[in-house]
Amino acid sequence: MFKRITAVLLSISLMLIFVGCKKQQIVETDVYGYDNSNKKWPEVAAADMPKFQNGALTEKEFLDLISPYTDWRIYEIRTTATTVKPKGSGTAYYVSNDGDNANDGLTPSTPLADYVGVAKKGLKSGDVIYFERGGVWRSQINLTVDGVTLSAYGEGKKPEFYMSVKNGANPDFWQKTDAENVWVFDTRISADVGTIIFDDEQWAFKSLYKKTDIGNSTTGRYVNTYKDLTNDLQFFHNFMDGKIYLCSKLGNPGARFQKIEFNVGRHIIYVTADNIVIDNLCLKYGGAHGIGADDTDGLTVQNCEIGWIGGSLQSGWQDTTRFGNGIEIWGSAKNFTVHNNYIYQVYDSAVSFQYRGEEISNMHFVNFTNNIIDKATSCIEYWSGGATGSDIKDFLIADNLLIRSGYGMGAQRPEQRGTINLTSGGFMNRLTGYFKIENNVIALSKIQLVNLSSGSGDLPEMNGNVFVHKKGKMFGQVLDKNQMVRFDENIEEFIKKSMADKNAKVVYITD
């Protein structure tokens, strides 16, 4: 009996010790899930971008080398403090999920409920609209008044803006159809859904409506009805009734995932005004562009997180061309700044300005600096048209990490020719001022690293860039838009002589 009691007491003691040990292993994390114990992040912050040397690494070795810096930079961007203030006679407005549009919105204790409530107050140049951190808004913002700034206040995550109608991770939102493994969502969506994002990790494969002259239902790319969906996480958006059909071979998708968001085919922020600042916001789940703008002067996007963008059809159900870009100006881009942003998982280009038709398009005083861009089909894209008078003047691309083009959800594109980390599109791109590409890490692409060719013969000034690619793959086009250059044993000499980047580093990925 005594032995039995002793054994029980010993067992209880061991259990208490185990529980105590487990408790000590609990790590304090912040709202983004980062480990804040023992001041880990401030220590990492002391580390700069790795000092690359010419040579060879495996892909894992390269990612292990760069990930501490990348992780810190993402954390730093996500937690950037708000410093913007109203200008001149501008007014500060506050918006919260706990607000009411009957309030005046002039203090954090009397916030408005949404952007519509602020717009009804009558915006003017110099105004700043502060959205509460930790809040989520599922609606589009149309910026039509010059000189307005959007930013954040309070504690927690950046305020988030989604085009997704709601989180679909609820079993009650999905009903079984008469087709095997096919489920229908309970909310009808009129604008085309570009893809569906599951737990911020996976995305659904979009099937298009079959036209008589293209494709067939067996390829998975084209279907006639929802009954043709046979692959797990393949979906079809019926334009006739707005219904979303999803193949889920592991049961009800609402029970399968914690978060299901829909990339609805609209720009999250649409800019038709000048001197706009978008600061400290998080933009996600837009089927068109994260930020879309027409001929714009003075657009600044800074300290933002922009992810899971694009996939929607551009011109209705009979088209096969799909949006979208993280940030795009369509037309002339003047005084355009994209600084200190984390942009990822973009169906097309992360940052883009491009000419509109045969119109004159001027790209003047453009700065893309200190951004982390990961898993876009192209990271940075610039197009200047051939119309007489179109030009690029004073353009700087510096200190960016441009990595893994074509590795993300853009991989579902039917053709991959545009998979390039940094691309000019091969258009005229006449230079009338400086154009510098400096101190960027341009790394890993499914297809090409660069396309800097120009019909006008004008090339940028290169200095101190790091180029990382698998040996033998295509480096890209540089001098002649019809000539491809390989990333082989001659690429270092080519970069230093033909591209004049004498301080460049070349890293060969060997696996």
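The values are calculated or read from the model by the stated rules, or taken from the named source; none is laboratory data. Since the model is a prediction, treat every value here as computed from it, not as a measurement. As a convention, Cβ positions derive from the backbone with ideal geometry for all residues, glycine included, and neighbour counts pool all protein chains shown. The protein model used for the area step is the full one, side chains on, heavy atoms only, and it has no ligands, DNA or RNA in it. Shrake-Rupley method; radii C 1.70, N 1.55, O 1.52, S 1.80 Å.
Per-structure values
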| quantity | calculated |
| --- | --- |
| Global form of the chain, assessed from the alpha-carbon gyration tensor, a/c cut-off 1.5 | rounded |
| Listed residues GLU438, GLU358, GLU61 arranged by accessible area, highest first, probe 1.4 Å | GLU358, GLU61, GLU438 |
| TYR355 - accessible surface, heavy atoms, 1.4 Å probe, Å² rounded to 10 | 50 |
| The chain, accessible area per residue, ligands and nucleic acids excluded (1.4 Å, Å²) | 44 |
| Dipole moment magnitude, nearest 20 debye, the stretch 352-502 about Cα centre, only Lys, Arg, Asp, Glu C-beta charged | 480 |
| Residue-by-residue Karplus 3J(HN,Hα) for the stretch 122-133, coefficients 6.51, -1.76, 1.60, Hz, glycine and proline x | x, 6, 9, 4, x, 5, 10, 10, 9, 9, 5, 4 |
| Dipole of the chain, positive direction: furthest Cα of ASN440, LEU112, THR510, with charges on the beta-carbon | THR510 |
| Distance in nm between pseudo-label sites at THR91 and ASN252 (7 Å out along the Cβ direction from Cα) | 4.7 |
| Only Lys, Arg (+1) and Asp, Glu (-1) charged, at Cβ; the chain dipole about Cα centre in debye | 1140 |
| Length-normalised contact order of the stretch 60-205 in % [C-alpha pairs under 8 Å, at least 6 apart] | 16 |
| Sequence-separation-based contact order of the stretch 242-307, relative, with Cα cut under 8 Å and 6+ spacing, percent | 33 |
| Residue-level accessible surface for ASP178, protein heavy atoms, 1.4 Å, Å² | 110 |
| Charge dipole (the chain, unit charges on Cβ, about Cα centre) - positive-most of ALA350, LEU422, TRP308 | TRP308 |
| Relative contact order (%) - the chain, alpha-carbon pairs under 8 angstrom, separation at least six | 10 |
| Net lengthening on full extension, ASP294/THR82 (0.36 nm per residue, minus Cα-Cα) | 73.6 nm |
| Exposure of GLU180 as accessible area (Å², to 10), given a probe of 1.4 Å and all protein chains | 150 |
| About the Cα centre, charge dipole magnitude for the stretch 191-347 (Lys/Arg +1, Asp/Glu -1 at Cβ), debye | 680 |
| Cross-link pairs LYS124/LYS158; LYS60/LYS375; LYS60/LYS471; LYS206/LYS259; LYS375/LYS446 - those with Cα-Cα distance over 20 Å | LYS124/LYS158 |
| Cut-off under 5 Å, modelled amide H: who pairs with PHE161 long-range | TRP137, CYS282, LEU283, LYS284 |
| Estimated FRET transfer efficiency when R0 is 56 angstrom, pair LYS120-LEU479 (beta carbons, to 0.05) | 0.55 |
| Projected label distance in nm at ASP394 and ASP71, using a 7 Å step from Cα toward the beta-carbon | 4.1 |
| Fraction of accessible area attributable to carbon and sulfur, the chain (%, probe 1.4 Å) | 50 |
| Extension gain, LYS436 back to ALA411 (0.36 nm per residue minus Cα-Cα distance, nm) | 6.0 nm |
